[in-house]
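A quick write-up on the structure given underneath.
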Amino acid sequence: MSFDGKEFRNAMGHFASGVTVVSINNDGEIHGMTANAFSSVSLNPPLVLVCVDHRANSLEYIKKAGYFGVNMLKKEQVDISRKFAKQRLEQEPEFSFRMTKEGTPLLEGSLTSLNCKVYQTVEAGDHTIFIGEVLDLQLEEGDPLCFFKGQYTELV
């Protein structure tokens with residue numbers, strides 16, 4: 001390889017993506033993590049994937065729960081993204097979750113929320129890929145929060 005991990009990360013940052021919060025119910029306590037390593041996989045059955053670092057607490061929480069939520073954020077929800085990315089905030093953002101019948105917490109007011117059941121798990125390098133079957137979804141109007149070159153951005 002003629003590049004290091006930092007250069008590879010910078011190169012991957014050239015791919016513009018949306019921003020999600022992956023939400024998990026861990027024995028009645030809601031946990032979340034900001035993720036842009038998210039994608040649709042299949043229409044039939046409806047499958048999505050999210051990649052979780054092996055060092056993240058969310059890894060064990062998803063394995064244990066067997067369910068997770070994917071909440072696609074609106075441009076106005078940048079502070080919610082920062083909170084779940086454990087970034088410094090001047091003020092705590094206001095938000096709430098609604099619980100599905102499976103116990104999955106879904107973020108109120110997000111652009112799209114997906115209630116997912118773990119369908120398959122694949123270990124790849126320093127991450128685990130969770131493929132989730134979408135059991136239910138909720139859509140709202142708005143513009144997405146985007147991420148490009150390590151910065152939050154908006155569609156123009």
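A short reminder: the numbers here are calculations on the coordinates, not readings from a lab. None of these values were measured; they are calculated from a predicted model. Don't worry about glycine lacking a Cβ; one is built from the backbone with ideal geometry, like all the others, and counts go over all protein chains shown.
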Point to revise | Inter-label distance, nm, simple model (7 Å from Cα along the C-beta direction), E60/N26 | key: 0.8 nm
Check your understanding: Relative to the Cα centre, what is the charge dipole magnitude of the range 1-145, using +1 at the beta carbon of each Lys and Arg, -1 at the beta carbon of each Asp and Glu, and rounding to the nearest 20 debye?
Key -> 220 debye
Review point. What are the semi-axes of the equivalent ellipsoid for the range 41-91, taken as the square roots of 5 times the Cα gyration tensor eigenvalues, largest first, in whole Å?
Key: 24, 17, 9
Practice item. Would you mind computing Rg(Cα) / (2.2 N^0.38 Å) for the range 5-154, counting N as its residues? Key: 0.99
Check your understanding: Taking the alpha-carbon centroid of each part, what is the distance from the range 1-57 to the range 134-156 in angstrom?
Key -> 14 Å
Study note, to complete from the structure: Taking R0 as 41 Å and r as the Cβ-Cβ distance between N44 and L155, the FRET efficiency 1/(1 + (r/R0)^6), rounded to the nearest 0.05, comes to 0.90
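Specify whether the C-alpha gyration tensor of the range 106-156 places it in the rounded, prolate or oblate class, a ≥ b ≥ c being the square roots of the eigenvalues: rounded for a/c under 1.5, otherwise prolate if a/b is larger than b/c and oblate if not. Walk me through the intermediate numbers first.
Working: a/c = 3.61, a/b = 1.24, b/c = 2.90.
It comes out oblate by the Cα gyration axes.
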Revision key, fill the gap. Per-residue ellipticity at 222 nm attributable to helices in the chain (runs of n ≥ 4 DSSP H, -39500 (n - 2.57) apiece, nearest 500 deg cm²/dmol) works out to -4000 deg cm²/dmol
Practice item. Work out the count of Lys pairs in the range 1-126 where the Cα-Cα distance is under 27 Å, with the pair 8 or more places apart or on different chains. Key: 21
Point to revise | Inter-label distance for Q138 and T121, nm, one decimal - labels placed 7 Å from Cα along Cα-to-Cβ | key: 2.7 nm
Exercise for review: Determine the relative contact order of the chain: mean sequence separation of Cα pairs under 8 Å and six or more apart, normalised by residue count, in whole percent.
Suggested key: 28 percent
